[in-house]
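Chemist: Just passing along the structure, written as structure tokens.
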Amino acid sequence: MDFTLSKEHKELQAKAKAFTEEVLFPYEMECEENDGITPETHAIINQKVMDWGFNATNHSKEHGGQGMTLFEQMLVSEQLGMATGAIWDAVPQPSYPMKFGTQEQIEEYLIPSCQCKRRDAYAITEADAGSDPSQCLTRADKCDGGYKINGEKWFVTVGDVADFILVHAHVDGDPEKATVFFVDKNLPGVAVKRTPQYTHHFAFKHPEFTFTDVVVDESKILGKIGDGFDLTKDWFVEARLGIAARCVGGATRVLNVANEFAAGRIMFGHPIRDFQAIEFMIADMAMDIMAAKSLLYRVCWEISGDMDRKQKHARASAVKLFCSEMVGRVADKGVQILGGRGYMRENPVERLWRDTRVDRIWEGTSEIQRVVISGQIKKRGLDIYTGW
Ligand SMILES: Cc1cc2nc3c(=O)[nH]c(=O)nc-3n(C[C@H](O)[C@H](O)[C@H](O)COP(=O)(O)OP(=O)(O)OC[C@H]3O[C@@H](n4cnc5c(N)ncnc54)[C@H](O)[C@@H]3O)c2cc1C
């Protein structure tokens, strides 16, 4: 067994670190103070994303992306996750299912998205359909000219800057016919209902959208009618591992800051790291990150090879669950070590503490990951998690 990173992997890791620190960090306070980044900043970052070659790490070169393996994508995401305010989301990773589009869809939507010229948002969640998306009420009904979409979507991340939305709707209101449609945001009937405020100050917004008699022709269906849930499941693996990688990156930054602070902060005549209460917190943080990172690297490496789709899904749930809960523990200790400074928004530890809370909610809550894991244990036995 050899767990050493190759020279190429180390170079990629170092490049992603340099990109995050040089390109993303300078905009963190702008994002914090203005609750998002300006269109000008977004354009500058997009240009740099292209210059540095971090656009669409998750899509093939043929489709205008970087064609990275999942392991390589994870190495990049881990570094990006150190940036606060989710500025990592200005480094677009177009939704994975788009690669299953027709040639026309690939040319119209995927290739320009990979080149930072267009931007997608993915809308599944609704007021009464969260963890259980089969409850979606957004429907698509056959009409002259294609399908008419009606419904409402919540929490549409990057909905403010996206120019098209992948909308999960049920044809004829039937969940068996769950289908994803490409919906251009400028079509008549697409409207922003509300843009709520959230705990974090995110580079972009998460608006709620209404779709009122929005007509799209059949060529806007991604895959086939009824493919909706399968397309989403495929995406979960990549999205969940991406979250896990960013959690490891965020936790690492918190630990670096806390460790340095503990060495320099003098109380009662000693650096606070000399107090066992502080030193033990640092030890627990380091151990937690080590465990999360080992799990993440192992699973991303395995999945980059040949693996059954269900196994991938099962493993990705465990990694997402562990890493998102880990960053919560680490960030909380980071705030504690920094004392009052840890509670100031100008401090990246405070921002990461807020930013990473959502990682236990989106792309499947911690409870839903446990539902997946326990279901897999029941069906396939413990070996899927504990066997080696
Ligand atoms: C900032 C942000 C951005 C988001 N971006 C997007 C986006 O771009 N696109 C999109 O479609 N969605 C997005 N979401 C939605 C997100 O995926 C959902 O919030 C999430 O899936 C949970 O759904 P819910 O909020 O309706 O909670 P609910 O499903 O109502 O859950 C409420 C509670 O019940 C628990 N629960 C539910 N079912 C079970 C069960 N079977 N067993 C045990 N406990 C259970 C949950 O874990 C949770 O604790 C975003 C959410 C946030 C907060």
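Taken together, the values in this text are just the output of simple stated rules run on the coordinates, not laboratory data. In this text the structure is predicted, and so the values were computed from the model without any measurement. Note that each Cβ is placed from the backbone with ideal geometry, even for glycine, and that neighbours are counted across all protein chains shown.
Chemist: Restricting attention to region 320-327, does a residue exist that is within 15 Å of the ligand (Cβ to nearest atom), hydroxyl-bearing (Ser, Thr, Tyr) and crowded, with 16+ Cβ neighbours inside 10 Å?
Modeler: Yes: one or more hits.
Chemist: Shifting gears a bit: For region 80-99, enumerate the residues that are among the hydrophobic types (A, V, I, L, M, F, W, C) and assigned to a loop (DSSP other than H, G, I, E, B).
Modeler: Correct list: 82, 83, 86, 91.
Chemist: Which of (1) of a type outside the set (Lys, Arg); (2) within 16 Å of the ligand (Cβ to nearest atom); (3) on the phi < 0 side of the Ramachandran plot does residue 363 not meet, given it meets every other one?
Modeler: (3)
Chemist: Could you tell me whether region 128-144 includes any residue that is surrounded by 22 or more Cβ atoms within 10 Å (Cβ to Cβ), within 12 Å of the ligand (Cβ to nearest atom) and under 21 Å from residue 202 (Cα atoms)?
Modeler: No; the residues of region 128-144 include none that is surrounded by 22 or more Cβ atoms within 10 Å (Cβ to Cβ), within 12 Å of the ligand (Cβ to nearest atom) and under 21 Å from residue 202 (Cα atoms).
Chemist: Let me ask you something else. Of all residues being over 23 Å from residue 88 (Cβ atoms) and among the basic types (Lys, Arg) in region 194-221, which is surrounded by the fewest Cβ atoms within 10 Å (Cβ to Cβ)? Just the residue, please.
Modeler: 194
Chemist: Being of a type in the set (Val, Ile, Thr), within 13 Å of the ligand (Cβ to nearest atom) and surrounded by fewer than 22 Cβ atoms within 10 Å (Cβ to Cβ) is the filter here; which residues of region 145-190 pass it?
Modeler: Result: 157, 158, 161.
Chemist: Test residue 104 against the stated conditions and say whether it is of a type in the set (D, E, K, R), surrounded by fewer than 23 Cβ atoms within 10 Å (Cβ to Cβ) and part of a loop (DSSP other than H, G, I, E, B).
Modeler: When the stated conditions are applied, residue 104 does not pass them.
Chemist: While we're looking at this one, here's another question. Yes or no: region 175-195 includes at least one residue that is farther than 21 Å from residue 104 by Cβ, outside any loop (DSSP other than H, G, I, E, B) and in contact with a Cys (Cβ under 9 Å, 6 or more places away or on another chain).
Modeler: Looking for residues that are farther than 21 Å from residue 104 by Cβ, outside any loop (DSSP other than H, G, I, E, B) and in contact with a Cys (Cβ under 9 Å, 6 or more places away or on another chain), one finds at least one in region 175-195, hence yes.
Chemist: Suppose we filter region 107-127 for residues that are more than 10 Å from the ligand (Cβ to nearest atom) and in a loop (DSSP other than H, G, I, E, B); how many remain?
Modeler: Residues in region 107-127 being more than 10 Å from the ligand (Cβ to nearest atom) and in a loop (DSSP other than H, G, I, E, B): 5 in total.
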